[in-house]
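Here the structure comes first, spelled out in structure tokens, and everything after it is commentary.
Just so it is clear, none of the values below were taken in a lab; they were calculated from the coordinates. All figures in this text were calculated on a predicted structure; none of them were measured in a lab. Positions of Cβ are generated from backbone atoms using ideal geometry, with glycine treated the same way; all protein chains shown enter the neighbour counts.
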Amino acid sequence: MTQLTAPQCHGTSYFDDGDLYFLVENYYFCVHRSVFERESDFLGRLTAGQAKGGTQASALSLNDVRLIDFEHFLAAIYNPQRMSTLEEWSSVLDLANRWGFAQVKDLAVCGLEKIEMEDVDRIALYHKHGVDRKILIPRYSALGARDYSLTVEEGNKLGMETTIFIAHARDCARSYMSLGGGDTPMPYIDTREYTTEDFLRDITTSIFINGRTP
């Protein structure tokens with residue numbers, strides 16, 4: 001029979017002046033309630049109006065959260081300068097999106113934008129966590145500008161709708177180039193003469209942001 005060990009205090013995220021306790025994978029965390037109340041109603045939803053989390057004995061158990069992910073989330077709040085990897089910022093993005101921490105979510109996106117990723121992987125990650133699609137316009141455009149179409153593997157990552165939209169933008173761009181550029185007949189796109197790159201930016205904006213297809 002496996003003997004269960006008593007929970008222990010976390011080594012770096014158990015603050016002496018903390019007033020909010022969590023229990024994650026057999027570790028107690030003691031943090032500051034104000035951090036969790038200032039931009040999200042997550043704590044209120046978790047306690048349902050009851051006096052919980054104020055002591056170690058009443059620590060809030062996060063049974064659906066991995067220890068490593070919660071460590072990354074707290075690091076992003078208390079010590080973001082030490083965050084640097086895709087795994088770290090992806091963890092933060094996931095929890096910030098689930099818990100409604102808009103500022104922490106923006107911080108995670110800023111961190112991820114500094115990391116090299118394939119466009120397909122970035123789009124899939126941002127879509128999964130509800131990141132503003134305006135940020136992805138250059139990524140959509142880059143995929144539309146490629147000499148080759150999306151692969152089956154890439155399509156599986158992106159999902160059917162996004163794959164179809166990118167393929168459509170690519171087809172429109174190829175038609176535009178075959179006509180030698182110039183004015184585009186699409187009424188909701190600026191009709192000045194512009195480059196293929198401009199065209200791809202505008203068509204992907206129309207498709208992904210405005211929900212329009214020619």
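Going by amide H atoms built from the backbone, whose H comes under 5 Å of the H on M83, apart from near neighbours?
none
The chain: longest stretch without exposed chymotrypsin sites (Phe, Trp or Tyr not before Pro) (DSSP loop, at most 15 other Cβ within 10 Å), sites themselves excluded? Can you show the working numbers first?
Working: sites that count: F15, Y148, Y188.
So the longest stretch without any such site is 16-147.
Rounded to the nearest 10 degrees, what's the angle between the helix 119-128 long axis and the longest principal axis of the chain, both from Cα atoms, 0 to 90?
The two axes meet at around 50 degrees.
Tell me the angle of helix 160-178 to the major Cα principal axis of the chain, expressed in degrees between 0 and 90 and rounded to the nearest ten.
30
Leaving out same-chain residues fewer than 8 places away, which lysines sit with a Cα under 30 Å from that of K134?
K105, K114, K157
How much length is gained if the chain between S84 and I137 is pulled fully straight, taking 0.36 nm per residue apart and subtracting their Cα-Cα distance, in nm to one decimal? Can you show the working numbers first?
On the way: separation 53, 0.36 × 53 = 19.08 nm, distance 2.39 nm.
Net length gain for the segment: 16.7 nm.
Over the chain, what is the mean sequence separation of C-alpha contacts under 8 Å (at least six apart), divided by residue count, expressed as relative contact order in percent?
Details: 243 pairs, mean separation 26.1, N = 214.
Rounded, it is 12 percent for the chain.
For n ≥ 4 DSSP H runs only, could you compute -39500 (n - 2.57) per run for the chain, divide by its residues and tell me the 222 nm figure to the nearest 500?
Values: 10 runs with 107 residues, N = 214.
Mean residue ellipticity, 222 nm, calculated: -15000 deg cm²/dmol.
May I ask for the angle, rounded to the nearest 10°, between helix 67-78 and the longest principal axis of the chain, with both axes built from Cα atoms and the value confined to 0 to 90°?
The two axes meet at around 80 degrees.
Across the chain, where is the longest run that never hits trypsin sites (Lys or Arg not before Pro) in a DSSP loop with at most 12 other C-beta atoms within 10 Å? Walk me through the numbers before you get to the answer.
Values: sites that count: R38, K114, R146, R192.
With trypsin sites (Lys or Arg not before Pro) excluded where exposed in loops, the chain gives 39-113 as its longest stretch.
Between Y28 and residues 5 or more places away or on another chain, which pairs have amide H atoms under 5 Å apart, with H built 1.01 Å from N, and which residues are they?
Those qualifying (amide H under 5 Å, at least 5 residues apart or on another chain) are Q8, C9, H10.
What nm value, rounded to one decimal, do you get for the distance between K128 and Y148 when each label is placed 7 Å out toward the C-beta?
Those two pseudo-labels are separated by 2.4 nm.
Just to check I understand the Karplus step: with θ = phi - 60° and J = 6.51 cos²θ - 1.76 cosθ + 1.60, what whole-Hz values come out for region 197-203, glycine and proline as x?
Once rounded to whole Hz, the list reads 5, 4, 4, 4, 4, 6, 5.
Of all DSSP beta bridges located in the chain, what percent are antiparallel, nearest 5? Mind showing how you got there, number by number?
Values: 5 of 10 bridges.
Taking every DSSP beta bridge with both residues in the chain, the antiparallel ones total about 50 percent.
Just round it to a whole percent: the fraction of Cα-Cα distances in the chain exceeding 28 Å. Let's see the in-between values first.
Numbers: 10363 of 22791 pairs.
Above the 28 Å cut-off, the chain has 45 percent of its Cα pairs.
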